[in-house]
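To keep things clear, I will list the structure first and then write my remarks on it.
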Amino acid sequence: MKLGVLINLNQSSDITEKIKKVHDMGFSSCQITCWDMACYTDETAETIKAALTQYDVTVSTFWAGWSGRGFWNFYEGQMTLGIVPEAYRFQRIQDLKAGSDFAKKLGVNQMATHAGFIPEDPNSERYKGTVYALREIASYAKDNGQYFLFETGQETPITLLRAIQDIGLDNLGVNLDPANLICYGKANPVDALDTIGKYVRDVHAKDALYPTDGYKLGVETPLGEGKVNFPAFVAKLKELGYDGVLTIEREISGEQQTKDIIAGKAFLEALI
């Protein structure tokens, strides 16, 4: 296993400087996440590739966002997040196909996203429509030579496993975010590996607390200060033969984010 860090691509900041910072913090891997589809240009792709070469950094996964409203909670989230809501589904299929095309320009063979609150009931029409849409996106990614990864959190591990089986393609995987499983109250991340571990192809190193309010997600914390049992989690990943990247994600900004990432790096190095 090696360590990486997540960085964000948008039009308002310098992606070359962000890749340089990845190198300066001592990482050789990153995930690039993008919610700004206007960035999906040939020029931006060339800028990123030049910076990756200059600073000797690789991209493990391109994390593709989607357009439209999104509320990260238990109520409005059900109606606005991912591919599940019918009102946003068509446009977001196009958004994720564009993300796959951009990842191909970067030479990245994995793309990830949040699919939304995949319904627990496999008999529901909403579940069936979601699976059909996800199959279309994953098939498109396959044609681009890519794995399509589900980021965990908004559904239980068994629901995610069922969706992967029902989609039925061989390029599906999981971008496992242990903190999301906790802050959405869906599973213990160590136990979740029993269900979806064989599909894990990238991992977000992130920590969080369980929710204590039926309306609000649990709170993200610095690594080692939440409820993710990282010693057991890393040991279980090793047991399963995972030899990919632990990509640190810290969902704050500024100087404190950098401090927490560097501290998290030391915390994880002691485990791997």
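In segment 219-254, what residues are among the aliphatic types (A, V, I, L, M) and modelled with pLDDT of 95 or more?
Scanning segment 219-254 gives VAL219, LEU223, VAL228, ALA232, VAL234, ALA235, LEU237, LEU240, VAL245, LEU246, ILE248.
Per-residue answers, yes or no, for (1) farther than 28 Å from TYR184 by Cβ; (2) among the aromatic types (Phe, Trp, Tyr); (3) crowded, with 17+ Cβ neighbours inside 10 Å; (4) more than 15 Å from the chain's Cα centre (by Cα):
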| residue | (1), (2), (3), (4) |
| --- | --- |
| GLU46 | yes, no, no, yes |
| ALA50 | yes, no, no, yes |
| THR61 | no, no, yes, no |
| SER67 | no, no, no, yes |
| PHE74 | no, yes, yes, yes |
| MET79 | no, no, no, yes |
| PRO85 | no, no, yes, yes |
| ARG89 | no, no, yes, yes |
| GLY107 | yes, no, no, yes |
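Any residue that is under 17 Å from the mean Cα position of the chain (by Cα) and of a type outside the set (A, V, I, L, M, F, W, C) - is there at least one of those in segment 233-241?
No: segment 233-241 contains no residue that is under 17 Å from the mean Cα position of the chain (by Cα) and of a type outside the set (A, V, I, L, M, F, W, C).
So the check is Cβ under 8 Å with 6+ separation or different chains; which pairs have a first residue in segment 110-134 that's more than 30 Å from THR58 (Cα to Cα) and a second one that's polar (S, T, N, Q) and assigned to a loop (DSSP other than H, G, I, E, B)?
Here the result reads PHE117/GLN154; ILE118/GLN154; GLU120/THR156, each pair linking segment 110-134 to a residue that is polar (S, T, N, Q) and assigned to a loop (DSSP other than H, G, I, E, B).
Only one residue in GLU76, GLU86 is free of Cβ contacts under 8 Å to residues at least 12 places away in the same chain and closer than 30 Å to GLY214 by Cα, so which one is that?
So the residue among GLU76, GLU86 that is free of Cβ contacts under 8 Å to residues at least 12 places away in the same chain and closer than 30 Å to GLY214 by Cα is GLU76.
Name every residue in segment 165-178 that is in a helix (DSSP H, G or I) and surrounded by fewer than 21 Cβ atoms within 10 Å (Cβ to Cβ), in order of residue number.
GLN165, ASP166
Please determine whether any residue of segment 4-19 is touching a Pro at 6+ places or on another chain (Cβ under 7 Å) and either farther than 24 Å from ASP260 by Cβ or of a type in the set (D, E, K, R) (or both).
No.
Within segment 131-140, can one find any residue that is of a type in the set (Lys, Arg), surrounded by 17 or more Cβ atoms within 10 Å (Cβ to Cβ) and farther than 30 Å from ASN229 by Cα?
yes
Go through segment 149-189 and give me each residue that's closer than 21 Å to GLY4 by Cβ, at pLDDT 95 or above and out of contact with any strand residue (DSSP E or B) (no Cβ under 6 Å at 6 or more places or on another chain).
Of everything in segment 149-189, those that are closer than 21 Å to GLY4 by Cβ, at pLDDT 95 or above and out of contact with any strand residue (DSSP E or B) (no Cβ under 6 Å at 6 or more places or on another chain) turn out to be PRO178, ASN180, LEU181, PRO189.
Going by the conditions given, is ASP243 among the charged types (D, E, K, R), under 19 Å from LEU268 (Cβ atoms) and either in contact (Cβ under 8 Å) with a residue 60 or more places away in the chain or not in a loop (DSSP other than H, G, I, E, B) (or both)?
yes
Considering each residue of segment 212-253, count those that are within 21 Å of THR58 (Cβ to Cβ) and loosely packed, with under 13 Cβ neighbours inside 10 Å, and give that number.
The qualifying residues number 2.
Go through segment 218-240 and report how many residues are assigned to a loop (DSSP other than H, G, I, E, B) and of a type in the set (Gly, Ala, Ser).
So the answer is 3.
Taking segment 183-197 as the region of interest, how many residues are in a helix (DSSP H, G or I), over 17 Å from GLY173 (Cα atoms) and under 16 Å from the mean Cα position of the chain (by Cα)?
Residues in segment 183-197 being in a helix (DSSP H, G or I), over 17 Å from GLY173 (Cα atoms) and under 16 Å from the mean Cα position of the chain (by Cα): 1 in total.
Here's the yes/no breakdown for (1) in contact with an Asp or Glu (Cβ under 9 Å, 6 or more places away or on another chain); (2) among the aromatic types (Phe, Trp, Tyr); (3) within 18 Å of ASN8 (Cα to Cα); (4) modelled with pLDDT of 95 or more:
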position	(1), (2), (3), (4)
ASP95	no, no, yes, yes
PHE102	no, yes, yes, yes
GLN110	yes, no, yes, yes
ALA115	yes, no, no, yes
GLU120	yes, no, no, yes
ALA138	no, no, no, yes
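Residue under question is GLU251, and the condition is that it be of a type in the set (D, E, K, R), over 18 Å from LEU6 (Cβ atoms) and not in a helix (DSSP H, G or I); does it hold?
No: the conditions fail for GLU251.
The values are calculated or read from the model by the stated rules, or taken from the named source; none is laboratory data. This is a predicted model, so every value here is computed, not measured. Backbone-built Cβ (ideal geometry, glycine too); neighbour counts: all protein chains shown.
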